[in-house]
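Everything below concerns the one structure shown next.
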Amino acid sequence: MDDHPVFRLGMTALVGTLDGMLVVGDAVDVPSAVALAVRHDPDVVLMDLHLGQQSGIDAIRQIRSQQPRAAILVISMLDDDESLHGALRAGASGYLLKGASPEEIERGIRAVANGEVLLGSAVGGRAMRLLTARAAAPIAFPQLTEREREVLDLVARGLDNATIAHRLALSPKTVRNNLSNILVKLQVRDRSQAIVTARRSGLGDA
């Protein structure tokens, strides 16, 4: 699932040459990616994190909820902590960068198909340190849902609703609704107070 046609065609051609593998479809956006996964029930889904104007992380969540048997291997050019942790938290079984060799990609596909977690050499060590650190840290604002914490974190970074909606592949109305719930649950008056409260608890770090 990738919105770049050249990369998508190249990946389809590569996988088609691998022994025992069959490509059942490709997609350019979140709705078509989810629809294909539901229709074909694949063993492995290869996922980019840029799907048009939407986020591959949202596609991962939806596919995992509807096709929990499918293993998802992210192949992305994004190597920042937020993208890496977001993909793994959403349910990805592996994460490779687009500079990975054909051999690494084949190894990644076979590993996640066998139920293993595969992290490319470029991100593996950092991913484990990141996940260990976040697992050990207490959850800020446990009264919030995971989505509300994501929204609050981005609000605390100074992003406006339209940018948050794009980043999380949500509608602006959904972002506004989440923000209203956050204000009530945190018992703060407005967005500015929510930002101050969030930053005091460690949210909003770039």
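The values are calculated or read from the model by the stated rules, or taken from the named source; none is laboratory data. Just so it is clear, the model here is predicted, and its values are computed rather than measured. When we count neighbours, we look across all protein chains shown, and the Cβ atoms used for this are built from the backbone with ideal geometry, even at glycine. Side chains included, ligands, DNA and RNA excluded: accessible areas come from the protein's heavy atoms. Shrake-Rupley method; radii C 1.70, N 1.55, O 1.52, S 1.80 Å.
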Residue within region 23-31 that is open to solvent by less than 60 Å² (accessible area, probe 1.4 Å), without any contact (Cβ under 8 Å) to a residue 60 or more places away in the chain, in contact with a Ser or Thr (Cβ under 6 Å, 6 or more places away or on another chain) and part of a loop (DSSP other than H, G, I, E, B) present: yes
Some residue of region 107-118 being surrounded by fewer than 19 Cβ atoms within 10 Å (Cβ to Cβ), under 11 Å from the mean Cα position of the chain (by Cα) and assigned to a helix (DSSP H, G or I): no
Of all residues making up region 56-69, the number that are open to solvent by less than 60 Å² (accessible area, probe 1.4 Å) and not in a helix (DSSP H, G or I): 1
Only one of Ser192, Ser180, Ser171, Ser201 that is among the hydroxyl-bearing types (Ser, Thr, Tyr), open to solvent by 40 Å² or more (accessible area, probe 1.4 Å), more than 27 Å from Gln62 (Cβ to Cβ) and free of Cβ contacts under 8 Å to residues at least 12 places away in the same chain: Ser192
Residue count, region 84-106 (criterion: open to solvent by 10 Å² or more (accessible area, probe 1.4 Å), under 11 Å from the mean Cα position of the chain (by Cα) and over 17 Å from Pro68 (Cα atoms)): 1
Qualifying positions in region 149-168 - open to solvent by 50 Å² or more (accessible area, probe 1.4 Å) and either in contact with a Ser or Thr (Cβ under 9 Å, 6 or more places away or on another chain) or of a type in the set (A, V, I, L, M, F, W, C) (or both): Ala162, His166, Arg167
Asp19 open to solvent by 30 Å² or more (accessible area, probe 1.4 Å), in a loop (DSSP other than H, G, I, E, B) and touching a Ser or Thr at 6+ places or on another chain (Cβ under 7 Å): no
Test: residue in region 40-55 that is assigned to a helix (DSSP H, G or I) and either open to solvent by less than 50 Å² (accessible area, probe 1.4 Å) or basic (Lys, Arg) (or both): no
Residue match in region 129-148 (condition: modelled with pLDDT of 90 or more, assigned to a helix (DSSP H, G or I) and open to solvent by less than 40 Å² (accessible area, probe 1.4 Å)): yes
Search result, residues across region 148-168 that are among the acidic types (Asp, Glu) and in contact (Cβ under 8 Å) with a residue 24 or more places away in the chain: Glu148, Asp153
Tabulated pairs, region 70-90, first assigned to a loop (DSSP other than H, G, I, E, B), second surrounded by fewer than 21 Cβ atoms within 10 Å (Cβ to Cβ) and charged (D, E, K, R), C-beta under 8 angstrom, 6+ apart or interchain: Ala70/Asp41; Ala70/Asp43; Ala70/Arg64; Met77/Lys98
